[in-house]
Every structure is written in C-alpha cells, then in structure tokens.
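So the structure is just underneath, and the comments pick up after that.
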Amino acid sequence: MKHQTLDQLQAVARIEPSAPHTEMTRDERIARWAELLDQNPERCLGAFTGTEHMHPEARAMARGEGSAITVAFEDPMLRASGLRDDTYGEAKRFFELNDWQLHDIVCDCHVGATMKARWAAARVRATIGGNRFLTWLRQRIMF
C-alpha cells in the first residue's frame, strides 16, 4: 500500500464522509485509538527510534511504517475527525499529546524495535487523565 496524505488523495478523487459525525473530544479520540489497537492485540507494530534525541523538526516529520500511529491513521473515523497523516507531529497535534506522552507510546527505548498492539493500547489509554504534574516534570527533564 502506498502512503498518501488526504490532500494527495483529494487531488485524484472526491472524498466525502460516509456519514455525518460529531466533533470528538480529545479523550474520545484517544479512546478510539486504544480501541483500534485492541482490535488486533497481537499485531506487531514498529517503534520509532530515539524520539527523545531527535531535533524537534525531524521528530515532527518522523513516521514509521506499521507504527501505532499508522493504526490510528488507517481509521476512517479518525481521519474524518481531522487526523491528516501518520507522522509523529500530526499525532501529537491531533491527540493533543506532549512529547513525553507520545514518546512513551511509540519510542523503541521502552520495547525495542517492535511492540504488541495491546502494549501500545495500554500506553495510549494512560494518556487519558493521569498525573499532569508528573507529565509536566518529565517534559521539562526529557525535552
């Protein structure tokens, strides 16, 4: 399958949502992502390498074939809600995550080169609520 952004697809086809939808909240988008990962819990996903060491612009443009972010981008509902591609920066924007939270989900330093979808789903779910002070502190230390 060739990776194409929604803009690239719109250049060759008219894309219309199949049904009207309501605006999803941040927590609903994150919960949907976790549900998608749980649909195939044994799926082997690719991890990003060293996101905490990347230059911010390179990190924003990073993408990994078959990553947890790709699972989200494959979903028509999340795309209809505004997910534009499967890059790190777009996932950060769309799911309203900080670098530490997204690093915790997709980086290889936790699991190696691959991870099971169920592991990623648990990490995604952990971003709902949580201790905001610890998240803030980690953000200041790591990035």
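Readers should treat all values here as calculations from the given coordinates under stated rules, not as data from a laboratory. It should be emphasised that the depicted structure is a prediction, and the values quoted were computed from it without experimental measurement. Ideal geometry is used to build each Cβ from the backbone, glycine not excepted, and the neighbour counts take in all protein chains shown.
Data table
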item	result
DSSP-loop GluC sites (Glu not before Pro) across the stretch 66-123, with at most 14 other Cβ within 10 angstrom	Glu74, Glu96
P(r) tail fraction, the stretch 52-101 - alpha-carbon pairs more than 13 Å apart, %	54 percent
Approximate spin-label separation His53-His110, in nm, with each point projected 7 Å along Cα-to-Cβ	1.9 nm
Contour minus Cα-Cα distance for Ala60 and Asp75 (0.36 nm per residue)	3.3 nm
Radius 13 Å from Cβ of Gly89, net charge of other residues (Lys, Arg +1; Asp, Glu -1)	-1
The stretch 26-142: equivalent-ellipsoid semi-axes (sqrt of 5 x gyration tensor eigenvalues, Cα, Å)	19, 16, 15
